[in-house]
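Comments concern the structure below.
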Amino acid sequence: MDRINGKTETLCIFGHPVAHSKSPAMHNALFDALGINARYLPHAPEPENFADAIRGFRAMNFRGANVTIPYKTEFVGCDGSPRLVDELSNISKFTGSVNTLYWKDGIVGGTLRGTTTDPYGCIRNLEENGVDVSNKRVALLGNGGAAKAIAFTLVEQGNALTIVCRTAEKGQALADSLNAVFVEVGVKVSTFADFESISADFDIIINATSVGMTPNEGESPLPAECLHKGQVVCDIVYAPPRTKLLQMAEAKGCKVVTGEGMLVHQGLESFRKWFPKETEGRTNEELTAIMRKGMQG
């Protein structure tokens, strides 16, 4: 921190809560390793102050930001139009979710863009753990910002997707929007209450809810009866590292994939948007190794 001076650039993560976030540790580790004069900080504005926080971000010319629960859906209007930002990526327009803010063409103070790197992080995490994510039967738990973005990419890659939500109506809205784009796929919907009866039909189960996240480590979105030997069970929650869902899945003989890898890979994709020149020619393996070391302290 002794390198902060008048030229130090600021980045941040917006969320509520956000004290558990490992994003500052991994991004600041990259700054140090690459010699970038910048710092990344956590900010937890109250919901009623969130719009003011984004206006402050713009006014103070922050270099970039990540966005996490519960604010990912605050940037997209019902008609897909941008809110609080100037432009949206196509996937953010479709899914209504943003997890990354960056300046178009790297011009700080110019055109602020919103996009999501969540699906890249989720898929890359599975692939890194030896899981082929194509033409599989996948159950996706949740219909929030991250779930919508991940769902789009899963269907795009040819997977047979079932969305699992508390109410069928919430899941059906997402399924209908996906089926309108991918007309030959036929995304299905289940409620958590009905999921046990079909749970053995899936190759991969992905938890895209926040259930089980610190400080609610004792919670799981599914009971153990919904988990079956040989399935892949992935959790996007990374704090704690092994959620109750993953502990139960491991005990049932499932292959488990923790959320840390998704955090790292979506974070690196964001970092490349903020600092394209500084990361040019650097491999993902090199940069993710730095990020993981930073998270370990």
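The values are calculated or read from the model by the stated rules, or taken from the named source; none is laboratory data. Values in this document were obtained by computation on a predicted structure and should not be read as measured data. No Cβ is skipped: glycine too gets one built from the backbone with ideal geometry, and neighbour counts run over all protein chains shown.
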Discussion item. What pairs come out if I take residues in the stretch 47-59 that are under 14 Å from Cys12 (Cα atoms) and pair them with residues that are surrounded by 13 or more Cβ atoms within 10 Å (Cβ to Cβ) and among the charged types (D, E, K, R) whose C-beta lies under 8 Å away, six or more apart or interchain?
Written reply: Phe50/Glu74
Worksheet item: Which of the residues belonging to the stretch 30-44 are among the small types (Gly, Ala, Ser) and part of a loop (DSSP other than H, G, I, E, B)?
Response: Gly35, Ala44
Response to the item:
Those residues of the stretch 58-71 which are in contact with a Ser or Thr (Cβ under 9 Å, 6 or more places away or on another chain) and modelled with pLDDT of 95 or more amount to Met60, Asn61, Phe62, Arg63, Gly64, Ala65, Asn66, Val67
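Let me confirm something: among Ser210, Ser199, which residue is closer than 26 Å to Lys255 by Cβ and part of a helix (DSSP H, G or I)?
Working: Ser210 fails: part of a helix (DSSP H, G or I).
Going through Ser210, Ser199 in turn, just one is closer than 26 Å to Lys255 by Cβ and part of a helix (DSSP H, G or I): Ser199.
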Item to complete: Tally the residues that are under 25 Å from Glu260 (Cβ atoms) and more than 21 Å from the chain's Cα centre (by Cα), restricting the search to the stretch 11-38.
Response: 6
Worksheet item: Is it the case that some residue within the stretch 118-130 is at pLDDT 95 or above and more than 17 Å from Cys234 (Cβ to Cβ)?
Response: no
Fill in: Selection from the stretch 90-124 of residues that are in contact with an Asp or Glu (Cβ under 8 Å, 6 or more places away or on another chain) and not in a loop (DSSP other than H, G, I, E, B)
Thr100, Lys104, Leu112, Arg113, Gly114, Tyr120, Gly121
Item to complete: Would you mind telling me which numbered condition in (1) in contact with a Leu (Cβ under 8 Å, 6 or more places away or on another chain); (2) under 29 Å from Val18 (Cα atoms) Gln247 fails?
Response: (1)
Discussion item. Suppose the filter is over 26 Å from Gly142 (Cα atoms) and either modelled with pLDDT of 95 or more or within 22 Å of the chain's Cα centre (by Cα) (or both); does Arg3 pass it?
Written reply: no
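Looking at the stretch 238-269, which of its residues are in a helix (DSSP H, G or I), more than 22 Å from Gly64 (Cα to Cα) and aliphatic (A, V, I, L, M)?
Leu245, Leu246, Met248, Ala249, Ala251
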Practice prompt. Kindly list the number of the only condition in (1) touching a residue at least 24 places away in the same chain (Cβ under 8 Å); (2) within 18 Å of Gly109 (Cβ to Cβ) that fails for Gly6.
Written response: (1)
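Out of contact with any strand residue (DSSP E or B) (no Cβ under 8 Å at 6 or more places or on another chain) and buried (at least 21 other Cβ atoms within 10 Å of the Cβ) - does that describe any residue in the stretch 152-159?
Yes, because at least one residue in the stretch 152-159 is out of contact with any strand residue (DSSP E or B) (no Cβ under 8 Å at 6 or more places or on another chain) and buried (at least 21 other Cβ atoms within 10 Å of the Cβ).
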Worksheet item: Filtering the stretch 183-196 down to residues that are surrounded by 15 or more Cβ atoms within 10 Å (Cβ to Cβ) and either not in a strand (DSSP E or B) or not assigned by TED's automatic domain parsing to the domain that holds Gln157 (or both), which residue is modelled with the lowest pLDDT?
Response: Val185
